[in-house]
Amino acid sequence: MTKGGDDKWKASLSELAYKVCRLGHTEPAYSGALLHNHRCGFYHCICCNQRLFDSNTKFDSGCGWPSFDAAIEGTVRYVADKSHGMVRTEIRCVQCDSHLGHVFDDGPTSTGQRYCVNSVSMQFDGASPSDQ
Ligand SMILES: [Zn+2]
């Protein structure tokens, strides 16, 4: 992470987004605005606006966070996370190093992957501007 960048993020993000994206916290389950978003479009990084996920890969995992079975290739990096007494794989935005969530290998679809992503770390860009 770039030194001295924290103030910039603090000013531009909500308090929760700052804690999740820059400090690696997790938003409360079932709280995310995008959890039940079924529109077509792309999910972008809230910090740098890079496209991360395609709505085609979103599914309802029942875990309380927006879930995807794949990330757009080359947009996330994978970091071993041994916090909370578990070994998990953290996912981060390759462009700005924002914490996004974790990926698990118990996905129900053909990819076998379950990207469990904080809603607050993404912004949705819908394909059809007419629908609210
Ligand atoms: Zn980013």
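Rule-based calculations on the coordinates, nothing more; no lab input. Please read all numbers here as calculations on a predicted model, not as lab measurements. Here the Cβ is made from the backbone with ideal geometry for all residues, glycine too, and neighbour counts use every protein chain on show.
With Cβ to Cβ distances under 12 Å as the rule, what net charge do the other residues near LEU35 carry (K, R +1; D, E -1)? Provide the component values of the computation, followed by the final result.
Working: positive: LYS58; negative: GLU27, ASP60.
Taking every Cβ under 12 Å from that of LEU35, the sum is -1.
Mind checking the alpha-carbon convex hull of the range 1-68 and giving the volume per residue in Å³?
On the way: hull volume 6.5 nm³, N = 68.
Normalising the Cα hull of the range 1-68 by residue number yields 96 Å³.
What percent of all Cα-Cα pairs in the chain falls in each 5 Å bin, counting up from 0?
2, 11, 21, 25, 22, 12, 5, 2, 0, 0
Does the range 58-112 come out rounded, prolate or oblate, given a ≥ b ≥ c as the square roots of the eigenvalues of its C-alpha gyration tensor, rounded meaning a/c under 1.5 and, failing that, prolate meaning a/b above b/c? Please list the in-between numbers first.
Details: a/c = 1.74, a/b = 1.16, b/c = 1.50.
Oblate, since a/c reaches 1.5 and b/c is not below a/b.
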